[in-house]
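All remarks here apply to the structure that follows.
The values are calculated or read from the model by the stated rules, or taken from the named source; none is laboratory data. Just so it is clear, the structure is predicted and the values come from calculations on it, not from any experiment. Note that we place each Cβ from the backbone using ideal geometry, even for glycine, and neighbour counts take in every protein chain shown.
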Amino acid sequence: MELICAQLPTRDLAALRATCRGAHRLTHVCFAQRYAEYSTDFSEPSLQHLHALALNPLVRRHIRHLVVLSPEPRLGKDLRCRRAAAGHLRRPLEMPLLRTLRDDLARRLPHCRSFIISPILPAGSPAVEGEGESAPPADPPFNPDDVASILWEIIADAALPVQLFWYGRGMNYTSEVMDIARLPKGLFRHPGFRAGWATLENLHLEQTLTPQNYTFLLDLLLHAPALRKLHLSLGDSPIAVEFFADLSRAVDFAPALERLSLWATAIAPEDLVRLLGKTCASLKRLILRAVTGVDYASLAYLHQHHRRFPRLTTLDLNAIRGKVGLVRFTPAQHSPAGQAGLFQLEKNDQGAVPSIGLGPDDVVGASYTGPEMGQALDVLVHAWTESAGLQ
């Protein structure tokens, strides 16, 4: 029966469950697990469906993730929210539908503590105004920031404990996100929000830093003392460098951080070293991809002090751009057999780029997972120095 259920679409499985009590009982777990991640476009029908599931005592305990993954034109369809003069939603939880969502999350869905916002526009849909009648407006009445604001308002109102909060730029949609005008005001002064956000363990932010949202983004991090996993993709810009400088100097930032992942951003080497120093006792995974500013001294620090990182078992470096340009780990593939086999190496897939001295067979990424971090760092430091001519 389990094998049959696994092959059936959800609608067909629901029809099978309706045939008799025995089928209903035998298929319950398989059916309920289909809703472990509940995807919503924040439209009225979608939120009403979630409410119906929340009223089902057999299904609701399986719902763990609320995923907002919707084409922008449909996001929040039929919601009639009022907007304050400052630009944010005006008391959204006074709307009956959103108040019901708040009560569902606080009272009926005890395991739904993960929120993922990553809006999309499907392939083939016009992404730019003027390319077709269905192109979304540049400033739609309801956008991803409004979804995030509603969730933050619920966290504050219910002091809702949170495990994961993922807010990405999404793909191929038009409106600006992390727009300070749309974000809730006074959020970090609210005791309920501070209590709920203090339980956050996993934060994933893919945003563009601006002078306007700088403090808001920094506060999201500094009010999350229980963070164990952090992913930041904040753009390759001077303001990102300043952001990480402030973050690295925060006294109580993430004392138990286990995974630090920086993608497509920029950081000064001394600030990276400072962040690593704060997390040395707990850090298990360090991921740096498409990061500008990391220099030899950063890796040398990790190499010299690797015994201070007793739990570090994964190091993933790719497309690192330092003072001497793109870092190449090509010499690592010529290490003795026992050492070369330690790594997963990623070759340049862009072809030769003579302007930066990049050859078609150069290795631009190296990742290692295992207990011999000291030996792995030996190889990487040697490869870095040899390719950069630092010896």
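Considering Leu286, Leu272, the condition of being modelled with pLDDT of 95 or more, in a helix (DSSP H, G or I), crowded, with 17+ Cβ neighbours inside 10 Å and of a type outside the set (Asp, Glu) is satisfied by Leu272 alone. Scanning region 252-261 for any residue that is within 30 Å of Gln350 (Cα to Cα), among the polar types (S, T, N, Q), in the same structural domain as Ile116 (by TED's automatic domain parsing) and at pLDDT 95 or above turns up at least one such residue. Of all residues in region 85-110, which are over 14 Å from Leu50 (Cβ atoms) and either surrounded by 14 or more Cβ atoms within 10 Å (Cβ to Cβ) or touching a residue at least 40 places away in the same chain (Cβ under 8 Å) (or both)? Ala86, Gly87, His88, Leu89, Pro92, Leu93, Met95, Pro110, listed by residue number.
Counting only residues that are surrounded by 22 or more Cβ atoms within 10 Å (Cβ to Cβ), out of contact with any Leu (no Cβ under 6 Å at 6 or more places or on another chain) and assigned to a loop (DSSP other than H, G, I, E, B), region 61-84 holds 3 of them. Being in contact with a helix residue (DSSP H, G or I) (Cβ under 7 Å, 6 or more places away or on another chain) and at pLDDT 85 or above is a property that Leu317 lacks.
Among the candidates His303, His382, the residue that is under 24 Å from Ala281 (Cβ atoms), surrounded by fewer than 20 Cβ atoms within 10 Å (Cβ to Cβ) and either free of Cβ contacts under 8 Å to residues at least 60 places away in the same chain or out of contact with any strand residue (DSSP E or B) (no Cβ under 8 Å at 6 or more places or on another chain) (or both) is uniquely His303. Residues in region 351-378 that are in a helix (DSSP H, G or I) and modelled with pLDDT of 90 or more: Met373, Gly374, Gln375, Ala376, Leu377, Asp378. Of all residue pairs spaced 6 or more apart or on separate chains, those with beta-carbon atoms under 6 Å, a first member in region 199-215 that is under 18 Å from Ala264 (Cα atoms) and a second member that is of a type in the set (Ser, Thr, Tyr) and in a strand (DSSP E or B) are Leu205/Tyr167; Glu206/Ser233.
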